[in-house]
Each structure stands twice: as structure tokens, then as C-alpha cells.
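What follows is a set of notes on a single structure, which appears directly below.
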Amino acid sequence: QVQLVESGGGLVQAGGSLSLFCAASGSIFSNNVMGWYRQAPGKQRELVATVTSGDSTKYVDSVKGRFTISRDNARRTVSLRMSSLKPEDTAVYYCAVDQKGMRYWGTGTLVTVSS
């Protein structure tokens, strides 16, 4: 039904910036919520940021002021701009979309922040 593919992960030094991208395909509708989760080693998967169809955004406290989520409905993409990266941001980042009572996941992209 819905396929999500993340890209943009990699290795970056602390204090640096990196942008993640998620391309959606399949049965995508405008009335959905798109977001990013992350899972660091030994930790639970954590909701990082969400953006609604009306471009309302929310962030976990630890990334506020540093990360920016955005969506492009025409291109069916959601992005996560990450700045002032910290080693604690190291994780596999997953794109997700909630639509019609269903949650769809990408397979993840690894972000490694070196100290």
C-alpha cells in the first residue's frame, strides 16, 4: 500500500549538519501525519518529529531548535534537517506515516555522529 524509503544518513562530526529524506510511494493521501523516529543502541525507538498535512510540527525536547521537519506533498516527501548534531543523536532514523488508521515504516537510515 505505502512504501517509504529513507536516504541521507551517514557519518558526521559533532556540531555538523545532515539532512534526511524520505520518499513515499503507493497509496499516499494528503490527510496523513508523517514523521521521523530514531532508535539508538540499547534504547527504545523514539519519536523525534512529526508534521501534519497542515504543516503543524512537533519535536521531542532533545532536538528542539536543532532539527526541522518538513514535507512536500507534491513530491510526497518528508525531510529532517539536523543541525548542531551531538553524539547522542547517533541512531537509526526511520520515516513513518500514519494514514487511515495504519502506520507505515521505512527500513531506516543510519546516522553516526562522532565526538
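The values are calculated or read from the model by the stated rules, or taken from the named source; none is laboratory data. Since the model is a prediction, treat every value here as computed from it, not as a measurement. Here Cβ is always computed from backbone atoms with ideal geometry, including for glycine, and neighbour counts include all displayed protein chains. To get the accessible areas, we keep the full protein, side chains included, count just its heavy atoms, and leave off ligands, DNA and RNA. Shrake-Rupley method; radii C 1.70, N 1.55, O 1.52, S 1.80 Å.
In table form, for the structure just shown:
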item: For SER27, net neighbour charge (Lys/Arg +1, Asp/Glu -1) across residues whose Cβ lies under 12 Å away; result: +2
item: Geometric extent, Cα atoms of the chain - Rg, Dmax (angstrom); result: 13.4, 41
item: Rounded accessible area per residue of the chain, 1.4 Å, Å²; result: 54
item: Directionally averaged shadow of the stretch 1-64, computed from the convex hull of its alpha-carbon atoms, nm²; result: 5.6
item: Accessible area of the chain belonging to carbon and sulfur atoms, whole % at 1.4 Å probe; result: 50
item: GNM top mover of SER83, SER70, SER62 - the chain, alpha-carbon springs below 10 Å; result: SER62
item: Cα-based convex hull, the stretch 59-107, per residue volume (Å³, whole number); result: 98
item: Karplus (6.51, -1.76, 1.60) ³J(HN,Hα), θ = phi - 60°, over the stretch 12-29, in Hz, Gly and Pro reported as x; result: 9, 7, 3, x, x, 10, 7, 10, 10, 10, 9, 9, 9, 9, x, 7, 9, 10
item: Net length gained if the chain between SER7 and VAL60 were fully extended (0.36 nm per residue, minus Cα distance); result: 16.9 nm
